[in-house]
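Where a number appears in this text, it was derived from the coordinates with a stated rule and is not lab data. These numbers come from a predicted model, not from an experiment. As a convention, Cβ positions derive from the backbone with ideal geometry for all residues, glycine included, and neighbour counts pool all protein chains shown.
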Amino acid sequence: MPAVHPTLAAEVRELLGSLGVDAALHTGGSLPVTSPITGEEIGRVVEHETEEAEAAIERAHAAFKIWRTVPPPKRGELVRLLGEELRAAKPALGRLVTLEVGKIASEGQGEVQEMIDICDFAVGLSRQLYGLTIATERPGHRMMETWHPLGVTGIISAFNFPVAVWSWNAALAFVCGNSVVWKPSEKTPLTALAVSALVARAVARFRAGGGEAPDGLLELVIGARQIGEILVSDERVPVVSATGSTAMGRVVGPKLARRFARAILELGGNNAAIVCPSADFDLALRAIAFSAIGTAGQRCTSLRRLFVHDSIYDTLVTRLRRAYGSVTIGDPSKPDTLVGPLIDKAAFDAMQRALQAARDAGGTVTGGGRVNVPGCEGGFYVAPALVEMPSQAGPVVEETFAPILYVMRYTKFEVALKLNNAVPQGLSSSVFTNDLSEAELFVSAVGSDCGIANVNIGPSGAEIGGAFGGEKETGGGREAGSDSWKAYMRRATNTINYSKSLPLAQGVRFDV
Ligand code: NAD
């Protein structure tokens, strides 16, 4: 059992208290929460039993029946208030993200900013849940489509974006007229408790302003995967958005399919970038360094594979090595730190296994070892690894959730493009080039097969305005911006006959 870190634990209690979380929920429970900063305990959260999770789903189901009748712009008002609560809570919640996940301060704060941004987006959306009016072949008829609330939205989230991913789904679900049951990662229940308290504050203000918000709009269910499985199996939950590893999606996807529920699967990535001879070198270098090293390689969009044109390979790799050597690794609470810890020992072990497999496959590894950070001896800090590989083989085709960048040479752009696509995952990708034909080819129908394909910007760090998600083993789900909201609603096609005759479609005659 990990020792308690008295200072960090006290800070967590104070932060949660300031955000309105009942201390009984995170002290004395059965689920220990450790901070990756020191590997020590910072809280003990109360877990839910099966019956409690089922009761939570029932409450959310009852809430849905009321919430769906509230006009969408009014539902938007609740999300606007939530955005206000998040703005006020940004310093505290961002700090909690740092304490619970080990993100550096700007990334902890940035995660909350992303929540605020999606709330703003959802507020606007609440007046734009448009359906089409469709030309009909029958005189005296009108055809249209309407979008209706779908039901309880299940959200299963991963540790690495403990709160932003929830908001991408929940802000849309709320304006779409759905209630939400959220199963956060068992590694990050504290930030989930904080968000739940902020939603309660927004609901209270909404009610004080005369709005009708039922109890049960957001239900939190805390526990390991068994609790997630309850959400996945329950008929009262018609849509589940599940973010995590491909291994999780392989279990969750078929279970949802079996009961014809909708799945929004946001799974693992193995993201690549191609650096062409015409690329802006300095820009590419900075983008690569941020995408590969940032968040200690623990973003689903982190850069993991780099294809560099033979003519610039040696120069680029030399400069990359220098950049890798210059990053400050350490306590994410310190202002000059760029790389914080891995989430836990299991992540460190997985990284070491991948590096050994890379060596076995002929790779040359620079970095990758454990870094001792004074005062944080129980944390798993690593030097980001740069691995020159002779080919795309072995661990290169798998996602290892750690800062490992596999670098490979190419001579023909078409071959690099093919290699970009030659992995089972399909989340994010980039090309660095000033050659228009390469850029256009990359984003064309025969270009990158990923859900995100960028030009002259790294693969990591998406904006909420676009639809986020990926293909193949990344699961095919889309969330956040664009028309992702449609996944949280059901579409009805309506034909209205305002004539006195009954013309049948396709000229069919049926005179009785
Ligand atoms: P994980 O798969 O271990 O867990 C994710 C969540 O799924 C947790 O809440 C877990 O309890 C739950 N879960 C696991 N098995 C389940 C089951 N059988 N039924 C129901 N719930 C289950 O992932 P993690 O280690 O927390 O996160 C890292 C992974 O998430 C990486 O693979 C990363 O690429 C991926 N990720 C993807 C995206 C995306 O948008 N594509 C975003 C963030 C993270």
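Numbers below:
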{"item": "Failed condition for R491, given (1) in contact with a helix residue (DSSP H, G or I) (Cβ under 9 Å, 6 or more places away or on another chain); (2) not in a loop (DSSP other than H, G, I, E, B)", "result": "(1)"}
{"item": "Residue ranges of helices (runs of 4 or more DSSP H) in segment 182-271 with at least 3 members more than 10 Å from the ligand (Cβ to nearest atom)", "result": "189-208, 246-258"}
{"item": "Yes/no for L502 being outside any loop (DSSP other than H, G, I, E, B) and of a type in the set (A, V, I, L, M)", "result": "no"}
{"item": "Check on V275, near the ligand (Cβ under 10 Å from one of its atoms), more than 17 Å from the chain's Cα centre (by Cα), more than 20 Å from V180 (Cβ to Cβ) and not small (G, A, S)", "result": "no"}
{"item": "Which numbered condition I288 fails, given (1) crowded, with 21+ Cβ neighbours inside 10 Å; (2) within 18 Å of C450 (Cβ to Cβ); (3) near the ligand (Cβ under 10 Å from one of its atoms)", "result": "(3)"}
{"item": "Tally of residues being within 13 Å of the ligand (Cβ to nearest atom), under 13 Å from A273 (Cβ atoms) and assigned to a helix (DSSP H, G or I) across segment 295-327", "result": "0"}
{"item": "Every residue from segment 124-173 that is more than 16 Å from the ligand (Cβ to nearest atom), over 19 Å from A263 (Cβ atoms) and small (G, A, S)", "result": "G124, S126, G131, A135, G140"}
